[in-house]
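Engineer: Starting off with a structure, shown below.
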Amino acid sequence: MNRRIRVVGAVLLVAFWGAAAVPAVTVAVRALADRVTADRLDRPVDEAVLALEAERRLSVTERPILELTAQRGRTDDAAGRLRQADRSWLDRLTTSAADRTADALLDRMDGLAELRASVDAGRLDRRRAVTAYTDMIGASGAAPQDTAVGGIQALNRSREILTEEDALLAAVSTGRGPSAADRIRLTQLAGARRALFAAAGTALPEQATRRHREVAGSAAMVRLHRIEDELAASPDGIPDPSAWSPTFNELNTALWELRDGARRELADAATPRAVTATVWAGTIAGVGFVALLGLLIAARRSRGADPGTPASAGATATSGPRHRPGGLLQDLDRRNQGLLQRQLRLLDALARRAGDEETAADLRRAGNFGARLRRNIEKGITLTGGVPERQWQRLVPMTDVVRDAAAETGDPDRVAAADVESGYLAGTAVTDLTHLLAELFENAATFAPADSLIAVTGQHDPAGYLVTITDVGPGMTGDDLTTGHDVMAAPEPPSGGTWWGLWAVGRFAARQDVTVRLHNGPDGGLVATVRIPPTLVTGRPESAGTRTELQTVVE
């Protein structure tokens, strides 16, 4: 029956862990993949589009064949670079908008050889050639225009329409001028371009919006509108190239720069969210893995210690020294402890660099989860007879010890430690005393009202250094106080889990010759006193070299 319960518990734990970890990891992978894919594909896509636009204009004008041939070679080179960049292992994990845009453009460019053959054979007149190249370049993927992504795509599409206007004007300028159908098409393009450019200005990021207003009011934009209006009103003729070309070139460059700046601004704003998602996913996955490992370890030990399991005669006869997993498990715990230390340092650095308070708060919460998990790992190492790897070579201020102990609880803000006298603890005792205080803080927070504070004081006395922890909970009965002291003094854990916290306090205290006493306060609540011997604490850091009785501080 016990084995069945353990198996069911392990299955439920794995299920709950998967339910929490899979969505978090999926979001983190998608955010990371989208950013990496955009960085990898945006430039090759832009180069391919620019090459196609240049080839379109040369294909519909009376340019030397050598110039057109050279441009076609540059277009093929751009397509090759795009195909090379589009191959990535990230495509197996997620497909981003940049991936879809690149794949669609490459699919259309597969028909480039046939289009060129039609142009060279004269099967397409210049106007139809403009349309064919425009279809190959294609419009950017649609997105809601009330989002920043949609605004950038609307801006990009308005620039593409401007280049289509330029190509169509170049095509009709070599003949008798634009026909009625050409004028209608040019007017439609001008209207669509203006509408898309205006719509983009309502959704771009903040700095890009300011730049958008500057471009909208620029002299080049005013000239472009005047040329388009004159073309729509005139029954014949085409724009003067000396007026059109510089206006087109200036605006085309300005729109490229505006779009690239908006992309960078949007990516910079998304980076903290991607970092938070990644750290959160790692924390959930790490906590779940360690919890599952702890359950498996507990199940193995429980099975090995089960008195109801009979030993065979053969096993008894051949019994003797054999490998025990305790050392291996302690080594694994120490490795997990080292990884957690590195993760906590990373979280602390990310929190200091976070650009907004919400992200910093999320990172601090993730760091608190890691600190509590580290406490459990080090507690397991200590209670199974090992020595945690995390120790100090120097004296540590008592205020730091109290603060670190509070950080290892579920609600560190409830610990009020404003009245802790200056003192310095030997490095050999820092880890044990930190966990001892954390256990007492956790007990106080559990039994006291949720909105109450836990008062902590510290002061020197002739017997060493005294830390007092006071809560406003219900306190303990006389029998419970007696049981609590007996549990702290017992070398073996009690049955059941009710008193395990105080038993851990007793083990930490015994390792460092610290005395812990519990009593009810005069105004209610429970008071815990922790007396640290003078061999572990001193008043000043420089006095460590002159006090021979102070324990040596080692790594």
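The values are calculated or read from the model by the stated rules, or taken from the named source; none is laboratory data. These numbers were taken from a predicted model, which means no experiment stands behind them. A quick note on method: Cβ atoms are made from the backbone with ideal geometry, for glycine too, and the neighbour counts reach across all protein chains shown. Note: areas computed on protein heavy atoms with side chains; ligands, DNA, RNA excluded. Shrake-Rupley method; radii C 1.70, N 1.55, O 1.52, S 1.80 Å.
Engineer: Among Asp42, Asp268, what's the order by accessible area (1.4 angstrom probe), most exposed first?
Structural biologist: The most accessible residue leads, giving Asp268, Asp42.
Engineer: Using 0.36 nm times the number of residues separating Ala219 and Arg100, minus their current alpha carbon distance, what extension gain do you get?
Structural biologist: Full extension from Ala219 to Arg100 adds 39.2 nm.
Engineer: Identify, among Gly458, Phe441, Thr515, the residue whose Cα sits farthest towards the positive end of the charge dipole of the stretch 418-532, taking +1 on the Cβ of Lys and Arg and -1 on the Cβ of Asp and Glu, with the dipole about the Cα centre.
Structural biologist: Ranked along the dipole, the leading option is Thr515.
Engineer: Hey, with R₀ at 56 Å, roughly what FRET efficiency would Glu421 and Arg226 work out to, going by the Cβ-Cβ distance, to 0.05?
Structural biologist: Details: r = 80 Å, r/R0 = 1.44.
The calculated FRET efficiency here is 0.10.
Engineer: Taking the Cβ-Cβ separation of Leu453 and Asp400 as r and a Förster radius of 25 Å, what is the calculated FRET efficiency to the nearest 0.05?
Structural biologist: Taking R0 as 25 Å, the efficiency between Leu453 and Asp400 is 0.80.
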